[in-house]
Amino acid sequence: MIIRLVRMHFSPETSERFLEIFEEMNQHIRSFEGCQGLELYREIDDAHSFTTYSFWDSIEHLETYRKSDLFKSTWAKVKPLMRSKPSAVSYERIYPRESLQQEN
């Protein structure tokens, strides 16, 4: 499983628009092949900064999404709203492994 975190910072004038776009698009993203879940978090110390947390079957599924029209059209709406460059990082889950969960 791949976990993708994307941290984004908005201004007070644009953060509500971001939330509207997220509300509009999140089911489409969740329905994308290989996506196992999508969550959104708001930072405690900055109400206009958010992090998306998505779960993917594989890096190939994530990359297919990132090259898709869905991603490109969503990102084209979101990126201009940001007050600074976003940061993204992907993780591969190592523990707990599926086999360990099944043994217990």
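Is region 6-15 home to any residue that is under 30 Å from residue 97 (Cβ atoms) and either surrounded by 12 or more Cβ atoms within 10 Å (Cβ to Cβ) or touching a Gly at 6+ places or on another chain (Cβ under 6 Å) (or both)? Yes, some residue in region 6-15 is under 30 Å from residue 97 (Cβ atoms) and either surrounded by 12 or more Cβ atoms within 10 Å (Cβ to Cβ) or touching a Gly at 6+ places or on another chain (Cβ under 6 Å) (or both). Residues that are in a loop (DSSP other than H, G, I, E, B) and either free of Cβ contacts under 8 Å to residues at least 40 places away in the same chain or touching a His at 6+ places or on another chain (Cβ under 8 Å) (or both) within region 36-60 comprise 43, 44, 45, 46, 47, 48, listed in sequence order.
For region 73-80, the criterion of being in contact with a Gly (Cβ under 8 Å, 6 or more places away or on another chain), of a type outside the set (Asp, Glu) and not in a strand (DSSP E or B) is met by no residue.
Among the listed residues 63, 20, 33, identify the single one that is out of contact with any Phe, Trp or Tyr (no Cβ under 6 Å at 6 or more places or on another chain), part of a helix (DSSP H, G or I), loosely packed, with under 14 Cβ neighbours inside 10 Å and at pLDDT 95 or above.
Working: 63 fails: loosely packed, with under 14 Cβ neighbours inside 10 Å; 33 fails: part of a helix (DSSP H, G or I).
Step by step, each of 63, 20, 33 is checked, and only 20 is out of contact with any Phe, Trp or Tyr (no Cβ under 6 Å at 6 or more places or on another chain), part of a helix (DSSP H, G or I), loosely packed, with under 14 Cβ neighbours inside 10 Å and at pLDDT 95 or above.
Looking at 42, 30, 17, just one residue is charged (D, E, K, R) and within 11 Å of the chain's Cα centre (by Cα), and that residue is 30.
Taking region 81-93 on its own, how many of its residues are in a loop (DSSP other than H, G, I, E, B), exposed (fewer than 14 other Cβ atoms within 10 Å of the Cβ) and either of a type outside the set (S, T, N, Q) or at pLDDT below 95 (or both)? Number satisfying all stated conditions: 2. Consider region 36-57 and keep the residues that are of a type in the set (Gly, Ala, Ser) and closer than 23 Å to residue 85 by Cβ. The one that is surrounded by the fewest Cβ atoms within 10 Å (Cβ to Cβ) is 47. The one condition from (1) in a strand (DSSP E or B); (2) surrounded by fewer than 14 Cβ atoms within 10 Å (Cβ to Cβ) that residue 96 does not meet is (1).
The values are calculated or read from the model by the stated rules, or taken from the named source; none is laboratory data. Remember, it's a predicted structure, so these values are computed and weren't measured experimentally. Neighbour counts run over all protein chains shown; Cβ positions are idealised from the backbone, glycine included.
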